[in-house]
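The values are calculated or read from the model by the stated rules, or taken from the named source; none is laboratory data. Every value quoted in this text rests on a predicted model; they were computed, and no experiment measured them. All Cβ positions, even for glycine, are placed from backbone atoms using ideal geometry, and neighbour counts span all protein chains on display. Ligands, DNA and RNA are stripped out before the accessible areas are found, and what is left, the full protein with its side chains, is counted by its heavy atoms. Shrake-Rupley method; radii C 1.70, N 1.55, O 1.52, S 1.80 Å.
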Amino acid sequence: MSITKAKPSILFLIGIFYPFLAFLFAVNKIWSRKYHKIILLFSFWFGFNVFFYSGDIISYKKDFQVISSYSFQEYFYLLSNNYSDDLVKFSYIESNTYNTKPDFYALSLGFFVSRITSEPRWFFAIVSLIYTFLFLKFLEEAVIITGVGKEWTWKFLFLFLALLVPYYVGVTGVRFWTALFLFITYVFKYLRSNKLIYLILFSLSLFIHYTFIFPVAVFFLYKVLNFSKLISHFLILSSIAFFLFTSTSGILDFVGQSLNVFSETSIQSRASAYTDQEYFEDRQAALSEANWYVTLRVSLINFSFLILFILDYLNLLKLRKDKFLEEWNLLYTLFFCTTLLSFSLGSLARFNYIFFLISLIRLMYLHKENQNRLALKRFATVMTPVLILHILVTFRACFYFVDPLLLIGNPISLFLAKSDISLSELIVGH
């Protein structure tokens, strides 16, 4: 029997000895739930052997030793003062990567993992498992909504959906992307079933990353207010005008003033860092040093989905829709507006991924109707170079965080050995 036709149980057995080999065959059928346990197995080893290259991941590794020394009393103190102003919160305990953010996920996970081991690699292994589980639940939900298509166009859209968020960021970033997939997965489950439990579950995203108070608020705005089409048109046009005619500093001031509702809390003090003009300029200066194709990738994806929305809004694509799409069309509109309002705000602009993912699921759903397939085939053809560039750039970045042993090692070697260089450094020398 060819390994490409092996049953999931056989691939899982192979994955115990060579995780990456089994992963390669499982990911080829990632839309099938039967293969998800193999991907989760690889995910565990990716997190456990992640190469500590740069960014937040270094801080989480370093501060794991600090959180290991916490007592239960100190842990509960931090929980009870989670939203207190920093002057109150850190009058007793020194700040670190785990406890400075006004949410519970990283602090709690780090604390309880540190009760078992002092090795931070276990923390990232569990972070990777949780993130991958939610990511796979999202893809599973997308397939439930759209069905599985055999045509090239559907497979292209599914590939774009699966690769839009680079996989490694869910591990190296720890919080935001895990919250993203929790939020969007259970938003769609709620839209399909209208069950209260899903409303509660996607609201839990703000306990993973506090900034999700904004998309959660957008959803409740959508749910509570019954906007007419006239008001929807006004929101779209005013958002476009705001985007075209408001300076970046003006947008920063607008968001900063909106944060006053959280006055004298840790949410205001932490979120205000995103709107600090000097900090923003420093981030932009750092981004300006990136290679041209890195900047181009971001611009192409951002503007492609915005243009797609406008073409769809003006009915120029002439896509046939149904009642299900109409029911959550306002939510799609609200996240389009949110994307425009936060377009140039650096880290805050990460919420645009909610809009992008909704866009792709809409297109996959629309593909079920034969009348839509020609228009979507043209869209996929135009977007093919964009996806190729996205894959090249994001995979190149991902390789900085991959231990080369992950590609050839087995669990015994992965437990005992660590590489001195990342996969990227091994391949290209830097």
Residue that is surrounded by the most Cβ atoms within 10 Å (Cβ to Cβ) [pool: residues in region 48-62 that are in contact (Cβ under 8 Å) with a residue 12 or more places away in the chain and part of a helix (DSSP H, G or I)]: Y60
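Out of curiosity, is T100 modelled with pLDDT under 90, open to solvent by less than 30 Å² (accessible area, probe 1.4 Å) and hydroxyl-bearing (S, T, Y)?
Values: modelled with pLDDT under 90: yes; open to solvent by less than 30 Å² (accessible area, probe 1.4 Å): yes; hydroxyl-bearing (S, T, Y): yes.
Considered against the rule, which asks whether it is modelled with pLDDT under 90, open to solvent by less than 30 Å² (accessible area, probe 1.4 Å) and hydroxyl-bearing (S, T, Y), T100 comes out as yes.
Against the definition (of a type outside the set (G, A, S) and under 20 Å from F51 (Cβ atoms)), how does P385 come out, yes or no? Give the derivation first.
Details: of a type outside the set (G, A, S): yes; under 20 Å from F51 (Cβ atoms): no.
In short, no.
Quick check: anything in region 350-370 more than 26 Å from F183 (Cα to Cα) and open to solvent by 40 Å² or more (accessible area, probe 1.4 Å)? Full working, then the answer.
Taking region 350-370 as the starting set, the residues that turn out to be more than 26 Å from F183 (Cα to Cα) are 369-370.
Still in the running and open to solvent by 40 Å² or more (accessible area, probe 1.4 Å): 369-370.
Looking through region 350-370, at least one residue is more than 26 Å from F183 (Cα to Cα) and open to solvent by 40 Å² or more (accessible area, probe 1.4 Å).
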Index of the failed condition, S205 passing every other in (1) within 30 Å of I388 (Cβ to Cβ); (2) within 12 Å of the chain's Cα centre (by Cα): (1)
Residue check, S118 buried (at least 20 other Cβ atoms within 10 Å of the Cβ) and touching a helix residue (DSSP H, G or I) at 6+ places or on another chain (Cβ under 8 Å): no
Among residues of region 63-95, those that are modelled with pLDDT under 90, open to solvent by 60 Å² or more (accessible area, probe 1.4 Å) and not in a loop (DSSP other than H, G, I, E, B), counted: 3
Members of region 416-430 that are open to solvent by 50 Å² or more (accessible area, probe 1.4 Å), in contact (Cβ under 8 Å) with a residue 24 or more places away in the chain and within 16 Å of R121 (Cα to Cα): K418
Extreme residue, surrounded by the most Cβ atoms within 10 Å (Cβ to Cβ), among residues of region 394-411 that are assigned to a helix (DSSP H, G or I) and among the aliphatic types (A, V, I, L, M): L406
Conditions (1) over 30 Å from S95 (Cα atoms); (2) modelled with pLDDT under 70; (3) open to solvent by less than 60 Å² (accessible area, probe 1.4 Å); number of the one not met by S247: (3)
Among (1) more than 27 Å from F23 (Cα to Cα); (2) modelled with pLDDT under 95, the one test that F112 misses: (2)
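Restricting the search to region 141-171, which residues are part of a loop (DSSP other than H, G, I, E, B) and either in contact with a strand residue (DSSP E or B) (Cβ under 6 Å, 6 or more places away or on another chain) or among the β-branched types (V, I, T) (or both)? Steps first, answer last, please.
Within region 141-171, the subset part of a loop (DSSP other than H, G, I, E, B) is 147-151, 164-168.
The answer is V148, V165.
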Failed condition for A26, given (1) at pLDDT below 90; (2) buried (at least 22 other Cβ atoms within 10 Å of the Cβ); (3) under 19 Å from the mean Cα position of the chain (by Cα): (3)
Members of region 332-383 that are of a type outside the set (A, V, I, L, M), farther than 17 Å from L311 by Cα and within 17 Å of the chain's Cα centre (by Cα): T338, S342, F343, G346, S347, R350, F351, N352, Y353
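Is it the case, given these coordinates, that L259 is surrounded by 11 or more Cβ atoms within 10 Å (Cβ to Cβ), of a type outside the set (S, T, Y), within 24 Å of the chain's Cα centre (by Cα) and modelled with pLDDT of 65 or more?
So L259 does not fit the description; no.
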Residue within region 340-350 that is at positive phi and either in a helix (DSSP H, G or I) or small (G, A, S) (or both) present: yes
Residues that are open to solvent by less than 30 Å² (accessible area, probe 1.4 Å) and farther than 23 Å from I130 by Cα, drawn from region 148-190: G149, T153, W154, F156, L157
Residues satisfying the stated conditions in region 312-339, i.e. hydrophobic (A, V, I, L, M, F, W, C), in a loop (DSSP other than H, G, I, E, B) and surrounded by 12 or more Cβ atoms within 10 Å (Cβ to Cβ): L317, L319, W328
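Are any of the residues in region 104-115 of a type in the set (S, T, N, Q), crowded, with 21+ Cβ neighbours inside 10 Å and within 23 Å of H36 (Cα to Cα)? So that I can check it myself, show each step before the final result.
Start the filter on region 104-115 by keeping residues that are of a type in the set (S, T, N, Q), which leaves 108, 114.
Remaining after also requiring crowded, with 21+ Cβ neighbours inside 10 Å: 114.
Retained after the next criterion (residues that are within 23 Å of H36 (Cα to Cα)): none.
No, because not a single residue in region 104-115 is of a type in the set (S, T, N, Q), crowded, with 21+ Cβ neighbours inside 10 Å and within 23 Å of H36 (Cα to Cα).
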